[in-house]
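Comments concern the structure below.
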Amino acid sequence: MEFNRGLSALAGILIGACLGAVFYIMPAKFLICGPIPSSGIFLPPGVQGFVLSETFRYGVISGMIIGFLSGLSSTAPLPRGHLSRSIGGVCWLVETILAWATQYHWLAETSGGRILIIVLISFFSMFLVLPFSYTLSFIEKIRE
């Protein structure tokens, strides 16, 4: 059966960008905001801009690369949802490690309790891979 790898790569790029941003920002935001005293729900504007720029730099771009490679390596018409779930699993693994590797220097000023919360959030975000990936599986309609 003939299919277009370009459309599969495009779907992978879109899915990878979304999932890369989500799975990077979860631990990175807690790592960056660890030393900031909790004075409410909202972050200072400069901190929020920094979090978003780091998410784009490390989360979205690396997620797009993961999605592109997964889209090109997908076999002929997989059932809907398989591409997004595979991208989600790889994005969770890569983006969580990348968040810890790029934002580890904030841990020096963070209390032990907050570090434990960051570790737990990093681990329990693994259980969100399948629901988030399945939610984005509608993008795979591009391949069809």
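The values are calculated or read from the model by the stated rules, or taken from the named source; none is laboratory data. The structure presented is a predicted model; accordingly, all values stated were derived computationally and were not measured. So basically every Cβ, Gly included, is an ideal-geometry build from the backbone, and we count neighbours across all protein chains shown.
Pairs meeting the criteria (first residue in segment 99-123 and under 11 Å from Ala28 (Cα atoms), second residue among the small types (Gly, Ala, Ser), beta carbons under 6 Å, at least 6 apart or on different chains) are Ala99/Ala28; Gln103/Ala28; Trp106/Gly34.
With respect to the conditions (1) at pLDDT 80 or above; (2) assigned to a loop (DSSP other than H, G, I, E, B), Ala17 falls short on a single one, namely (2). Step by step: first the residues of segment 1-14, then only those that are in contact with a Lys or Arg (Cβ under 9 Å, 6 or more places away or on another chain) and at pLDDT below 80, then the one that is farthest from Leu72 (Cα to Cα). Which residue is that? If we take residues in segment 1-14 being in contact with a Lys or Arg (Cβ under 9 Å, 6 or more places away or on another chain) and at pLDDT below 80, then Phe3 is farthest from Leu72 (Cα to Cα). Restricting attention to segment 64-89, report how many residues are surrounded by fewer than 19 Cβ atoms within 10 Å (Cβ to Cβ), in a helix (DSSP H, G or I) and β-branched (Val, Ile, Thr). Result for segment 64-89: 1.
Taken over segment 97-116, the criterion of being outside any loop (DSSP other than H, G, I, E, B), surrounded by 14 or more Cβ atoms within 10 Å (Cβ to Cβ) and either in contact with a Pro (Cβ under 6 Å, 6 or more places away or on another chain) or not hydroxyl-bearing (Ser, Thr, Tyr) (or both) is satisfied by Leu98, Ala99, Trp100, Gln103, Trp106, Leu107, Arg114, Ile115. Within segment 95-112, if we keep just the residues that are of a type in the set (A, V, I, L, M) and at pLDDT below 90, the residue that is nearest to the chain's Cα centre (by Cα) turns out to be Leu107.
Considered as a group, the residues in segment 30-63 that are in a helix (DSSP H, G or I) and either of a type in the set (S, T, N, Q) or touching an Asp or Glu at 6+ places or on another chain (Cβ under 9 Å) (or both) include one that is modelled with the lowest pLDDT, and that residue is Gln48. Which of the residues spanning segment 118-142 are surrounded by 14 or more Cβ atoms within 10 Å (Cβ to Cβ) and more than 30 Å from Asn4 (Cβ to Cβ)? Answer for segment 118-142, where residues must be surrounded by 14 or more Cβ atoms within 10 Å (Cβ to Cβ) and more than 30 Å from Asn4 (Cβ to Cβ): Ile118, Ile121, Ser122, Ser125, Leu128.
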